[in-house]
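Colleague: Handing you a structure now.
Derivation of every value follows stated rules applied to the coordinates shown; laboratory data play no part. Owing to the predicted nature of the structure, the values given are computational and were not obtained by experimental measurement. Note: ideal-geometry Cβ built from the backbone for every residue, glycine included; neighbour counts use all protein chains shown.
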Amino acid sequence: MKYDVIIIGGGLGGLTAGAVLSKKGKKVLLIEQHFMTGGAATVFKRKDINIEVGLHEMDYGQHGYDAKRDLFDFLELEKKVEFISLPETWEIVDNNEKYIVPEGIEEAKKYLISKFPHEEKGINKYFKKMKNIAYTMGTIPYDMNFFQFLAYPFVKLPRLIKYYFDQKSTGEMLDEIIKDDKLKRLLNANLVYYHDNPYEFCWHYHALAQYNYYNGAKYIKGGSYSLSTALAEIITENGGTVETMCTVEKVIVENGTAKGVIYKNKRTKEDITVNSEYVIANCSPNLLYDTMVDEKYKDKSLDEFKESSSLYTVYIIFNQKLKDVYKNHAYSTFICEDNQFKKPFSQMGKGLKNINIEDRGFVFVDYGVIDSGLNIKADDKRSVGVFCGASYLDEWDNMPKEAYLAKKAKLAEDLFKKAEKYFPNLKDYVEYFEVSTPKTIKRYMKTPLGNAYGYANNTYLRKGRVPRFSSTIKNLLFTGAYSFPGGGFTGALISGYFAANNVIEPQWKHIIRRTVLSTAVLILLFTSPIWLKGLFNLF
């Protein structure tokens, strides 16, 4: 069997690459080891209700400020998926202090200035800097029309060069423009969505995602699996194939070039060999190099990359909608470590790993606040929620089963107690809960350290994340959380878009072709007085 492209792994990066390539006429085979696609973008069923695995909210900015908007337009995803707007950006609580940041850039800015009037100048500067970064990086070269590409060297390229050479951490940037430690902590309330240390986390990643969170965060009705299903449908509707319950045993490499894969169908126990022109890996690069190719092809430069932090999640089914119990509570509530607002922001530079797991702040997401679509039965009055916080594999690995289960139970109990400071008697409304740890993520997603975000986002554009193309095997590309631009839903989606476009035409060729065309047009424009006069004289 021969395909144009074989994709290893059905997470968002692989699904996006497959959907784009299929729609552009390529014959695609996507191979997923689980019985369903999606990776972390999925749901699971307990007690006859769907529970969201990974998505709390997805940043969803305007066209020109959010590169995935062009991707969604190309795939016509809004015809297949319903996006639910959130009632506010988020709520942040610490003991008796509460901040509810409204949705929308201007509204959020006005709110923060009302709470911190002495920081008005810094707040305005913060949002302006984020807007500039989002605008500069909000359209990839493949999606630029002729006039955008023509203006790019004069409008965006100088900024991009500046960003490349003037990289700062989020902590450094906030220290530069804002003095109030409490405000800086508030602006990092959702740090766990990206990193565990603002003084290591690259400012450009913070700005790009955070601006689009303020500008229009969304939830996907029915859960993130609706998005995964839509992408898989686009593959099959355009002649591609999606195989689940199949594991890739080997990438076929001939003379240093990827030529296909050998995979095992776990249902039939059959080994199947398929050939292709390209292979796209939506998995940990270390997993591929360690288990799917010969030792001589191992990319030793990957040892320089730092793995990101991971997460624990407590999945909860409530016996009713909490919005009927706790009036006006937010969709996302970030519950800080005790008295966090009174501590210097610089202390966050020690990293979350230096805080006991039960003392770290966490987020409580109540999907029942919105019309999430997670209820299977129309008359079901129950709702779903999660507690989620930073964690690490070494906090859970190599433990006896009894100790592991006891630690999970204690963590859940501690989190319920902390949440009940703000949601009295919350435990009384719980019908069921279970706890996921980095060990769970490692088991299901095959990431070496059980993290969902791939490599840590410590630099932007500079070396810090695996390139889209393998440096040791030709025609092998990477996508997903470990690839550029990074982890999370947006990072994985855009990485898949990049990988697909690079198969169609590598970006450097695309840029050279467009540059030659733009240069020719500019020359024609500047020399028009000469050639127009000559042309006129012919007649």
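Colleague: Stretched out fully, how many nm does the piece from LYS410 to LYS168 gain, at 0.36 nm a residue minus the Cα gap?
Modeller: Numbers: separation 242, 0.36 × 242 = 87.12 nm, distance 3.82 nm.
Additional length available on full extension: 83.3 nm.
Colleague: Compute the semi-axes of the equivalent ellipsoid of the stretch 185-259, taking the square root of 5 times each eigenvalue of the Cα gyration tensor, and list them largest first in whole Å. All intermediate terms of the calculation are to be shown ahead of the outcome.
Modeller: Working: eigenvalues 253, 100, 28 Å².
Each semi-axis is the square root of five times an eigenvalue, giving 36, 22, 12 Å.
Colleague: On to the next question. Rounding to the nearest 20 debye, state how big the charge dipole of the chain is about its Cα centre with +1 on each Lys and Arg Cβ and -1 on each Asp and Glu Cβ.
Modeller: Numbers: 73 positive and 65 negative charges, 194 e Å.
Here the size comes out at about 920 debye.
Colleague: Take the cross-link list LYS401/LYS427; LYS23/LYS168; LYS27/LYS221 and give me the ones stretching past 27 Å between alpha-carbons.
Modeller: Working: LYS401/LYS427 25 Å; LYS23/LYS168 39 Å; LYS27/LYS221 30 Å.
Table pairs above 27 Å Cα-Cα are LYS23/LYS168; LYS27/LYS221.
Colleague: Oh, and also: Place +1 on the Cβ of every Lys and Arg and -1 on the Cβ of every Asp and Glu in the chain, take the dipole about the Cα centre, and give the residue among PRO141, PHE74, CYS246 whose Cα lies farthest towards its positive end.
Modeller: Ranked along the dipole, the leading option is PRO141.
Colleague: Something else now. Calculate, in nm to one decimal, what ASN537 and ARG443 gain on full extension: separation in residues at 0.36 nm each, minus their alpha carbon distance.
Modeller: On the way: separation 94, 0.36 × 94 = 33.84 nm, distance 7.63 nm.
The ASN537-ARG443 span can extend by a further 26.2 nm.
Colleague: Could you give the radius of gyration (one decimal) and Dmax (whole number) of the Cα atoms in the stretch 166-321, in Å?
Modeller: According to the Cα coordinates of the stretch 166-321, Rg and Dmax are 21.7, 63 Å.
Colleague: Then there's this: Going out from 0 in 5 Å bins, what whole percent of all Cα-Cα distances in the stretch 385-539 drops into each bin?
Modeller: Calculated over all Cα pairs of the stretch 385-539, the distribution is 1, 7, 10, 12, 11, 10, 9, 8, 7, 5, 5, 4, 3, 3, 2, 2, 1, 1, 0 percent.
Colleague: Loop-only check: which GluC sites (Glu not before Pro) in the stretch 167-269 are DSSP coil with at most 12 other Cβ within 10 angstrom?
Modeller: Details: sites: GLU172, GLU176, GLU200, GLU233, GLU237, GLU243, GLU249, GLU254; in loops: GLU200.
Nothing satisfies the criteria.
Colleague: Which of SER301, ASN537, LEU12 sits farthest toward the positive end of the charge dipole of the chain, with +1 on the Cβ of Lys and Arg and -1 on the Cβ of Asp and Glu?
Modeller: Farthest towards the positive end: ASN537.
Colleague: Over the alpha-carbon set of the stretch 1-136, divide Rg by the Kirkwood Rh and report the Rg/Rh ratio to two decimals. Mind dumping the intermediate values first?
Modeller: Values: Rg = 20.3 Å, Rh = 18.7 Å.
My calculation puts Rg/Rh at 1.08.
Colleague: Another question, then. Given Cα pairs under 8 Å that are at least 6 residues apart, what percent is the relative contact order of the chain? Please report the intermediate quantities before stating the final value.
Modeller: Numbers: 1061 pairs, mean separation 123.5, N = 539.
Here the relative contact order equals 23 percent.
Colleague: Oh, and also: What fraction, in whole percent, of alpha-carbon pairs in the chain exceed 38 Å separation? Don't jump to the answer; show the numbers that get you there.
Modeller: Values: 42738 of 144991 pairs.
The calculated P(r) of the chain puts 29 percent of pairs beyond 38 Å.
Colleague: Rg(Cα) of the stretch 241-332 divided by 2.2 N^0.38 Å?
Modeller: On the way: Rg = 21.4 Å, N = 92, 2.2 N^0.38 = 12.3 Å.
This ratio for the stretch 241-332 stands at 1.75.
Colleague: Oh, and also: What nm value, rounded to one decimal, do you get for the distance between GLN62 and GLU78 when each label is placed 7 Å out toward the C-beta?
Modeller: 1.4 nm
Colleague: Same structure again: Based solely on its DSSP helices, what 222 nm [θ] is calculated for the chain when runs of n ≥ 4 H residues each add -39,500 (n - 2.57) and the sum is averaged over all residues, nearest 500 deg cm²/dmol? Kindly include the intermediate steps, with their values, before the conclusion.
Modeller: Numbers: 16 runs with 192 residues, N = 539.
Theoretical 222 nm ellipticity from helices: -11000 deg cm²/dmol.
Colleague: Between the stretch 201-280 and the stretch 154-168, how many Å separate their Cα centres?
Modeller: With the stretch 201-280 and the stretch 154-168 each reduced to a Cα centre, they are spaced 31 Å.
Colleague: If I take the Cα coordinates of the stretch 352-396 and project them onto the principal axes, what are the three extents in Å, biggest first?
Modeller: For the stretch 352-396, the Cα extents along the three principal axes come out at 45, 18, 12 Å.
Colleague: Restrict the search to the stretch 323-413; then list the trypsin sites (Lys or Arg not before Pro) that DSSP places in a loop and that have at most 10 other Cβ atoms within 10 Å of their Cβ.
Modeller: Passing sites in the stretch 323-413 are LYS327, LYS377.
Colleague: Calculate the FRET efficiency for ILE177 and LYS2 from the Cβ-Cβ distance with a Förster distance of 60 Å, rounded to the nearest 0.05. Write down the numbers at each step before the final one.
Modeller: Values: r = 56 Å, r/R0 = 0.93.
Given R0 = 60 Å and the Cβ-Cβ separation, E is 0.60.
Colleague: For the chain, what is the percent of antiparallel DSSP beta bridges, rounded to the nearest 5?
Modeller: 70 percent
Colleague: Working out 0.36 nm times the residue gap between ASN339 and ASN275, then minus their Cα-Cα distance, what length gain in nm do you get to one decimal?
Modeller: Taking ASN339 through ASN275 to full extension adds about 17.2 nm, to one decimal.
Colleague: For the residue pair GLU120 and ALA520, what label-to-label distance in nm results when each label sits 7 Å from Cα along the Cα-to-beta-carbon direction?
Modeller: Here the modelled spin labels are 5.4 nm apart.
Colleague: Which GluC sites (Glu not before Pro) does the stretch 380-457 hold that lie in a coil by DSSP with at most 13 other beta carbons within 10 Å? Spell out each step's value before the answer.
Modeller: Numbers: sites: GLU395, GLU402, GLU413, GLU420, GLU431, GLU434; in loops: GLU420.
When the GluC sites (Glu not before Pro) of the stretch 380-457 are filtered for loop state and at most 13 Cβ neighbours within 10 Å, GLU420 remain.
Colleague: Mind giving me the nanometre distance, one decimal, between the label points for ASN145 and ASP303, set 7 Å out from Cα along Cα→Cβ?
Modeller: With each label placed 7 Å out from Cα toward Cβ, I get 5.1 nm.
Colleague: Could you give the size of the charge dipole of the stretch 139-262 about its Cα centre, using +1 on the Cβ of each K and R and -1 on the Cβ of each D and E, expressed in debye and rounded to the nearest 20?
Modeller: On the way: 12 positive and 14 negative charges, 76 e Å.
In debye, rounded to 20, the stretch 139-262 gives about 360.
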